[in-house]
Each structure stands twice: as C-alpha cells, then as structure tokens.
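One structure below.
Each reported figure results from applying straightforward, stated rules to the coordinates on display, with no laboratory input. Small disclaimer: the values here were computed from a predicted structure and weren't measured. Backbone-built Cβ (ideal geometry, glycine too); neighbour counts: all protein chains shown.
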Amino acid sequence: MSLADRIRADLGEALRAKDLGRANTLRMLISAFKNAEIEKRSPLTEEDRLGQVQKALKMRREAIEGALKAGRADLQQQEEAEAALLSAYLPAQMSDAELALLVAAAIQEAGAKGPADMGKVMKLLMPRIAGKADGAKASQAVKKGLTPG
C-alpha cells in the first residue's frame, strides 16, 4: 500500500471515528500532495510524498517552538499531536551511528577535503537518507565530518 493510499484510508477511519483533529491533519497532508503534484507537473514519487510529510513535520516543530515562546500551551499540545501523527508516516529514523557511516562514505566518495566541499557531500548524502534522517541533523554531521580536528 502506497503512502498516499495509507493516508486516505486513515482519513476514512478518522472521519468514521469523528476524530476531527486527525482528519484535518490528514486532509492537509493530502492537499500538500496535490499542490506538490501540480507544482511538479507530474505524479509524485514515494520519495516526493515522504518529503512533503517531512516538510509538514518541520512546520509543526517550528510551530511548537513558537507556541512555547508565546506561552500558548493549547497550541503547543495541538501541534505536538499533529507532529506525532505525521511522524507515524515516516520510515524509522536513522541512528546517529548509521548517519555517521553514511556521511563518512559520502565524504570519501565526493573526495571532499574541507568545509568548502559541503555541497558535494550533501548532494550525495540526501538521496540516501530521504525520509530516514532530518536534513539539519545530516548537515551538522557533514560539517563535523569535514571540519579538521
């Protein structure tokens, strides 16, 4: 079952259970898929859909931070619930050790010598970690791997 099919099935369950918060989050995700498909002007791949889920999850994490700063516990709880729901659609996340191994391999493959070669390494690394690790976390690992010390 594809990710889109799974989300549609879960939306149906949420509607039958009258779980409006979950249903609205899933509708937002389906809408993001459709908008990305229109923007891309071709059908989305599973990797594209995972990217959209990650993008939505990142937005929720930023909203949680904003709610914390504003002292809005109600918004924080709502965003945390949506983030937990979205996280369930992502594959299991890589451990730091697994990420470090992939970073080391990408650095070696790119022939990177220092921080100036970060773009080359990230270009090789990102397709390998799609959906399995956060881009910011990967970027930090690459910086650490490229910095002499």
Query raised in the report: For the chain, list the DSSP H helices whose alpha carbon atoms reach 18 Å or more along the long axis and whose average Kyte-Doolittle value is -0.5 or above?
Result: 3-16, 20-40, 73-87, 96-110
Query raised in the report: How long is the range 3-87 along each principal axis, judged by its Cα atoms, biggest number first, in Å?
Result: 42, 30, 17
Requested in this report: Please list, or write none, the aspartates and glutamates whose alpha carbon is within less than 16 Å of the alpha carbon of residue 55, excluding same-chain residues fewer than 8 places away.
Outcome: 37, 39, 46, 47, 65, 79, 80, 82, 134
Report task. Please go through the residue pairs 34/58; 69/144; 18/40; 34/120 and name each one whose alpha carbons sit more than 28 Å apart in this structure. Result -> 69/144; 18/40; 34/120
Report summary line: The extension gain from residue 36 to residue 87, computed as 0.36 nm times the residue separation minus the Cα-Cα distance, is 16.4 nm
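Could you order peptides 97-104, 69-76 by the average number of other Cβ atoms within 10 Å of their residues, highest first?
Averaged packing, sorted descending, gives the order 97-104, 69-76.
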Query raised in the report: Which part of the range 46-70 falls in the paramagnetic zone of residue 27, meaning amide N under 20 Å from the point 7 Å along Cα-to-beta-carbon?
Result: 53, 56-57, 60
Query raised in the report: Sorted by mean Cβ packing within 10 Å, highest first, what order do the peptides 12-21, 117-126 take?
Result: 117-126, 12-21
Requested in this report: Determine the dipole magnitude for the range 1-53: charges of +1 sit on the beta-carbon of Lys and Arg, -1 on that of Asp and Glu, nothing else is charged, the reference point is the Cα centre, and the result goes in debye to the nearest 20.
Outcome: 240 debye
Query raised in the report: If you take the charge dipole of the range 96-146 about its Cα centre, with +1 on Lys and Arg Cβ and -1 on Asp and Glu Cβ, which of 102, 140, 119 is farthest toward its positive end?
Result: 119
Query raised in the report: Taking the Cα centre of the range 3-87 as the origin, how large is its charge dipole in debye, to the nearest 20, when only Lys and Arg (+1) and Asp and Glu (-1) carry charge on their Cβ atoms?
Result: 180 debye
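So between residue 134 and residue 5, what do we pick up on full extension, going 0.36 nm a residue minus the alpha carbon distance?
44.0 nm
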